[in-house]
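Below you'll find the structure, written out as C-alpha cells, and then a few comments.
Just so it is clear, none of the values below were taken in a lab; they were calculated from the coordinates. The structure displayed is predicted, hence computed values, not measured ones. Every residue, glycine as well, gets a Cβ built from its backbone with ideal geometry; the counts of neighbours run over all protein chains shown.
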Amino acid sequence: MTAIGVFFVFGACMSALAGTTLTWRGTVLDRMWALNPRAYRQLTPLGSIVGPLFLLLSATMTVAGVGWFRRRLWGWRLAIGIISTQVAGDFVNLVRGDLLRGGMGVTIAGGLLYYLLRPNVRAAFSERR
C-alpha cells in the first residue's frame, strides 16, 4: 500500500519538473530532457499549453498521495480516476499502433487498477473527510 503513495509522490515530482521546464524554458532543469529527447521535441512547441497542464497533474497527484497516505475514501477514488485515465491513454496508444508502449502500459496500469479495486484495498479507506 505504501508503494502506491510513493508512486503518487514520485509522479507529482516528475510532472512538476516537466511542467516547470516546459513553462519556463532555458533553466538548468532543461537538462533532464536528455533522458527523453523525443518527448521534449514533441512537447516543446506546446509548452505554454502543456506546461501548466503538467503542473495541474502534479497538484492532482499530490492530493491523491495525501489522500492515499491518510487512507481517505476520496484518496482511493482519486487514485482510481488517475489510474483509469492512464489505462485509457495507454489503450489509445495501443489502438494507434504503438504496440510495445501501449501494450506494456495497459498491462501495468491495468494490473495496478485491478489491485486498487480489490475489496481488501478498498476496505482500508474510511469514509472520513
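One table, with the values for the structure above:
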quantity: Theoretical ellipticity at 222 nm over the chain - DSSP helices of four or more residues, -39500 (n - 2.57) apiece, nearest 500; calculated: -25000 deg cm²/dmol
quantity: Simple spin-label estimate for Arg31 and Leu17 in nanometres, 7 Å along Cα-Cβ; calculated: 1.2 nm
quantity: Rounded tilt (10° steps) of 47-69 against the dominant C-alpha axis of the chain; calculated: 20 degrees
quantity: Alpha-carbon centroids, region 104-129 and region 1-46: separation in whole Å; calculated: 25 Å
quantity: 3J(HN,Hα) from dihedral phi, region 77-92, Karplus parametrisation 6.51/-1.76/1.60, rounded to Hz, x for glycine, proline; calculated: 5, 5, 4, 4, x, 5, 5, 4, 5, 5, 4, 4, x, 5, 5, 4
quantity: The chain: angle of helix 2-23 to the longest principal axis, Cα-based, in degrees nearest 10; calculated: 20 degrees
quantity: Chain lengthening between Phe91 and Ile49 when straightened (0.36 nm per residue, less Cα-Cα); calculated: 12.8 nm
quantity: Förster radius 41 Å - calculated FRET efficiency between Leu100 and Asn120, Cβ distance, rounded to 0.05; calculated: 0.80
quantity: Selected from Val106, Val95, Val50 as most flexible by GNM, with the chain as the system and alpha-carbon contacts under 10 Å; calculated: Val95
quantity: Overall form of the chain per C-alpha gyration tensor (a/c, 1.5; a/b vs b/c); calculated: oblate
